[in-house]
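Engineer: This is the structure I have questions about; it appears just below.
Coordinate-derived values only; no laboratory data. Just so we're clear, the structure is a prediction, and the values are computed from it rather than from any experiment. Heads up, the Cβs are rebuilt from the backbone with ideal geometry, glycines too, and the neighbour counts pull from every protein chain shown.
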Amino acid sequence: MKEEAGVDQPQTLPSGPSAFIPIEEILDEGAAQEVMSEALLSEGRVDHINTMMGLHPTYQTCFQRTHNALLQLDGPLPLSWRHFIIILASARHQCSYLVQHHSSAFLLAGGDESWLRGLHCAPPKIQRLQTLNKLLAHRPWIITQEHIQELVCPGAEARWSLAELIQAIVLMSHAHSLASFVWGCGVLPEPEQSGDESLQMCSPTESCCARDKARNQQEWSEAVNEVKLLMEKMMIVQQQGEEFTQEEMVTRFERERTESLLEPADVQRSVLPDCFSRFVVDADFTYQDFSPRGVQAPPTMRAQDYSWEDHGFSLMNRLYGEMAQLLDEKFQVVCALTYNTMAMHSHVDTSTLRKAIWNYIHCIYGIRYDDYNYGEVNQLLERSLKVYVKTVACHPEKTTPRMYFSFWRQFRHSEKVHVNLLLMEARLQAALLYALRAITRYMT
Amino acid sequence: MEKMTRVSSTISGCTMFCHLDAPANAISVCRDATQVVVAGRNIFKIYGLEEDAFVERLNLRVGRKPSLNFSCADVMWHQMEENLLATAATNGAVVTWNLARPCRNKQEQLFTEHKRTVNKVCFHPTEVNMLLSGSQDGFMKCFDLRKKESVSTFSGQSESVRDVQFSIKDYFTFAASFENGNVQLWDIRRPDRYERMFTAHTGPVFCCDWHPDDRGWLATGGRDKMVKVWDMSTNRVKEIYCVQTIASVARVKWRPERRYHLATCSMMVDHNIYVWDVRRPFIPFATFEEHRDVTTGIVWRHQHDPYFLLSGSKDSTLYQHMFKDASRPVDRANPEGLCFGLLGDLAFAAKESLMSAPQSVGDVGRKTYPGGDRRYPIFFFKKPDVTEQFAQVSSALSVFESEAGSGVGMDWFINTAQSYLLSGKPFVELCEHNAQVAKRLNRPQESTTWTMLRIMFSEPANPSLSSNHNLNKSGNLPLVNSFSMKEMSAALNERNKENRQDNLHSLETNLNNNDENEETEGSEGQAEYLFGDAELDDDDLYSMEHENQAAEEPEYLLPQEAFPLRHEIMDHPSAPEPVQEKPESPHVSGSEAESTCLTPMESFSLISVSQLLFSPHLPPKFFCPIVKEMLCYYAEQGDVQMAVSVLIVLGDRIRKEIDELTQEHWYMSYIDLLQRFELWNVSNEVIKLSTCGPIMCLNQASTTLHINCSNCKRPMSNRGWICDRCHQCASVCAVCHHVVKGLFVWCQGCSHGGHLEHMMEWLKQSRHCPAGCGHLCEYT
């Protein structure tokens, strides 16, 4: 069976699953043969997302279960609607991979072909999700109970029930974060998805192979030193018990939050290709850096006041029980995922590093942990990593291969995929927390 | 103890509240129950408890820019030392406060040993200087307040600690609850290892509380919405009580002086505080419903006074609840129960006091079965327990059985369900068929309705007379055609009367045959309308048409009682139809006049009908309001079967007239009934034919096919075509040797098979099995 799995994997294709990662590497590192054959058997093939996630089989199983439950199992929304919502959500991040994939899934599920002509052809009920979709994708902290009320309020035309809404919210945030993963890992379109001119956009502009060859000896040793340095920092962070004033802590949080990391976009992608624009309203609405302190910054969300474990789960459990369990499990798996390795070193406790990445993403989404010293983020995450993380989390469509290659140069690709998993889940949780908080407020 | 009890008796007060400046996270009272401390992210204040109001005594949140050390997740007032408080800060600090300090800043000591948020602090109940903390980082630390650092650290193995509580009776023991659902018991002297551990909940255990009197009892509350009471005194930890609440349990506190009572509040969604009697887990003993947002802290005001409960909430209020003001859900609960059996039996349970009032009251065990038989056993009897404060409710159960074979019997329902045709034939034939089914089952009203529907909806679609003939299949249409309008109307008028008498006669015989009829007729005004003359006319009109058919097709005989065939009358039935159909009647006015003279003895509704019978264009739409009314009537009567059947048969003709929700409701009721009678096929057909989205979905969800692997015979868990255990493809096509993922067709003789099209091709050429087993396969 395994040989068969190997044969059927798209390794023979010239492009492979990712623009960033050579296919040989994925297959070499793929301890995931078991999981892959699983996916192969259920879907008839392993799609590129699964191939990439297959580098982390524990997570992949968990992800796949949630994904299937979300799109296939019983739920308040009809199957075709679910795919359509995914299309809407991924179009916001210009993720043609997901748009195409779910367009065909939408038709398979018996969806009305005319909807694919654009959002205006879909029923008004779906159109009304647009605002929430926009906010969830780019600035979830703006979501208030009024947004929820607008959709749920009885008497309104085409009203959403809370159960439907919660599923739609999970679907949207799931798609947004999945789009981050697709862009972040440079996932290439499936072979059968070719033919659309817009697809060319996501193929790499630089060849990764060229980069590999150019990596000369000197660079390599530099990189090795970077790893050593990082590990030392982690040790220090783990041991230090220094005390800071409140003032200092807030400053540090704000510094991380407002730090402007985006490279000036060289090409202004002003016009959205038609395949996205028909699903997107108000395309100019994107993630906005929190302005420096004082200039009317939206209030931060304190993790202690509204956390997934306590509040988010409880609410979700009430409205959409199975999903709450699955998401909870997924968050736990991704937070615990570690192989105790770093680049060429093994037996390393990477918890501080993982924590720093997770909290950094929550930080740029305005969620603050009272008990976390944001100085650690600054110490552990090098600038190129921050640039990558922030881009993938907030403007995934602007990810470039250069960003991917410039951070953690000596780390394995699977470790970079691991970063992407953390990123994706942290982003999902952040968006969900804001949405659930709004629902909580609506209900009280 | 004596002294304290006396103190408690001096406590007095009323239900009262005060506004706080910010949401509270936790509250705690001092030992003498005169002051309460409220702590939250932005508040840290002490309030005095006066007779009828809270009075702010002290604001501990001082300084221009209060540090995060003031952002409290938990607070506790020392129960021995009245000036000592401890708080747990969200940034991981444990702070102690001494109210006796002369300056404004009362902060005494600061321990910053925890890396993450501290969820809980707890003073030792008897030891003055011992403080315990539990944190998100998975550690519990024990502090000696005379030292600058913790004296011992207990590791919960990296799982976050949600609550720590010193045992009240055992000096050295404390309990800790964890995010992964475990509860651990520790000995304060042994920091290396817990004494015992058990899994209490699925998901985090948010809180735990030792029973104030019972040494081994620990109550825990978790995210899984349960409150459990554990007995620790035995070798194996035993769950002795379990209360299921409606939301995650955030806090649990035993009620003083009441052995089985505890108070809970929830983490999310539900704002009320409940006091439970753990022996009565289904309904709260008392409820406090004052808060408008989730309650975050509850505490009994005095440790020996069960009547005062204090609570703080996210809605920024602090309440003192008086027990006497609590609402008692039990009082509002309905101890009555009523249930219909499938076949019309009715079981009814009610308070015995109500049921047996005229009979002897003191007899607790007696049951009454007025009107029914006494086959049903008595269920449970709970011994009244004097310590229980629950109102003792003893209920009497009555079962009313319907008489076997009485009118309430549901045979007709089953028969009808099975014999009705809902699709597969032209509309007219469906109606005819259903009318006959109803007739056969002695349900003339339904039969009439079907016939009426046929008339209303079949012909108007084709206004020309000739098409009408075809539909009528009546042999004497040329005759009708030869009638002039006037002639016809006159004849109609005259003969109708004659006819009606006959009809009435036949009706009476019908009625006599009908068991239910009296009931039906008497029950509703509208029923009378339906049995009214006009309807009857139509009914017989059409039954006569059937006779026509019968005449043409001799083997098709309709049982027709007390109504001899007469040829002259046979023209009549079809007479009104041409009139009705005639696109432009030259005699409209005259006909109307005649029709009015025809109708004086008929009901009002008929007048309107008959008037409109003559209107030039009669769109089927015209009948929709009437049909809608009729459907609603049937549904109201409880005959949802009729409503749904008509709905399906009429399909688009009526669907838009009735709002979706009503339709869905009818469908659901009918499907439910069908399923209770185990008429799965019919119910499935109904689901299939329904046009309501939500109903059609019923068949598309939750369908699971369980299959076993053909090789190892074990169930195949996730895929249809590959076995997890033996890693064999279970269904391989015998022709192309590929896995079959769609239709798999196989020979029942040798059980070989494959893709449908491959098998068909193969069998064109050969009769033998493609697998080569030598079997001569047969496919039909």
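Engineer: Please compute the average number of Cβ atoms from other chains found within 10 Å of each residue's Cβ in peptide A:304-317.
Structural biologist: If you average over the peptide's residues, the count of other-chain Cβ atoms is 6.
Engineer: Filter the cross-link list B:Lys120/B:Lys314; B:Lys120/B:Lys169; A:Lys330/B:Lys688; A:Lys330/B:Lys713; A:Lys125/A:Lys390 down to pairs whose alpha-carbon distance in this structure exceeds 29 Å.
Structural biologist: Going by Cα-Cα distance, A:Lys330/B:Lys688; A:Lys330/B:Lys713; A:Lys125/A:Lys390 fall outside the 29 Å limit.
Engineer: Still on this structure, please answer the following. Would you grab the residues whose amide H sits under 5 Å from the one on B:Leu58? Only those 5+ places off in sequence or on another chain, please, with H modelled 1.01 Å from N.
Structural biologist: Those qualifying (amide H under 5 Å, at least 5 residues apart or on another chain) are B:Ile46.
Engineer: Can you tell me how much longer the chain between B:Leu776 and B:Asp672 gets when fully stretched, taken as 0.36 nm per residue apart minus their C-alpha distance, in nm with one decimal?
Structural biologist: Contour length minus the Cα-Cα distance gives 32.8 nm.
Engineer: If you don't mind, there's one more thing I want to ask. Which order do B:Cys208, A:Cys95 fall in if you start with the one that has the fewest other Cβ atoms within 10 Å?
Structural biologist: B:Cys208, A:Cys95
Engineer: Per 0.36 nm of contour for each residue apart, how much would the distance between A:Thr338 and A:Lys125 grow if the chain were fully extended, relative to their Cα-Cα spacing?
Structural biologist: The A:Thr338-A:Lys125 span can extend by a further 72.4 nm.
Engineer: Full extension from B:Lys688 to B:Asn129: what is 0.36 nm times the residue separation minus their Cα-Cα distance, to one decimal in nm?
Structural biologist: Additional length available on full extension: 193.9 nm.
Engineer: Continuing with the same structure: 7 Å from Cα along Cα→Cβ at both B:Ala100 and B:Ser751: what's the point-to-point distance in nm?
Structural biologist: Those two pseudo-labels are separated by 8.7 nm.
Engineer: Where the convex hull is taken over the Cα atoms of the range B:16-331, what is its projected area averaged over directions, in nm²?
Structural biologist: 14.7 nm²
Engineer: How would you classify the range B:135-227 from its alpha-carbon gyration tensor, with a ≥ b ≥ c the square roots of the eigenvalues: rounded for a/c under 1.5, else prolate if a/b is greater than b/c, otherwise oblate?
Structural biologist: Oblate, because a/c is 1.5 or more while a/b does not exceed b/c.
Engineer: Mind giving me the nanometre distance, one decimal, between the label points for B:Asn442 and A:Ser114, set 7 Å out from Cα along Cα→Cβ?
Structural biologist: Rounded to a tenth, the inter-label distance reads 5.3 nm.
Engineer: If the label point is 7 Å along Cα→Cβ of B:Asp170, which residues in the range B:224-248 have backbone nitrogen under 13 Å from it?
Structural biologist: Taking a point 7 Å out along Cα→Cβ of B:Asp170, the residues of the range B:224-248 whose backbone N falls under 13 Å are B:231-238.
Engineer: Please work out whether the range A:298-342 counts as rounded, prolate or oblate from its C-alpha gyration tensor, where a ≥ b ≥ c are the square roots of the eigenvalues and a/c under 1.5 means rounded, while otherwise a/b larger than b/c means prolate and anything else oblate?
Structural biologist: Taking the square roots of the gyration eigenvalues as a ≥ b ≥ c, the range A:298-342 is oblate.
Engineer: Please rank B:Leu674, A:Leu229, B:Leu422, fewest neighbouring Cβ atoms within 10 Å first, as an exposure proxy.
Structural biologist: Lowest count first: A:Leu229, B:Leu422, B:Leu674.
Engineer: Under the rule of at least 5 residues apart or a separate chain, name every residue whose amide H is placed under 5 Å from the amide H of A:Ala343.
Structural biologist: Hits under the 5 Å cutoff: A:Arg412.
Engineer: A further question on this structure: So what are the radius of gyration and Dmax for the Cα set of the range A:307-375, in Å?
Structural biologist: Radius of gyration, then largest Cα-Cα span, for the range A:307-375: 14.8, 45 Å.
Engineer: Further, regarding this structure: What is the distance in Å between the Cα centres of the range A:44-83 and the range B:108-155?
Structural biologist: About 44 Å separates the Cα centre of the range A:44-83 from the one of the range B:108-155.
Engineer: Right, next: What's the exposure ranking of B:Glu149, B:Glu757, B:Glu81, going from fewest to most Cβ atoms within 10 Å?
Structural biologist: Lowest count first: B:Glu149, B:Glu757, B:Glu81.
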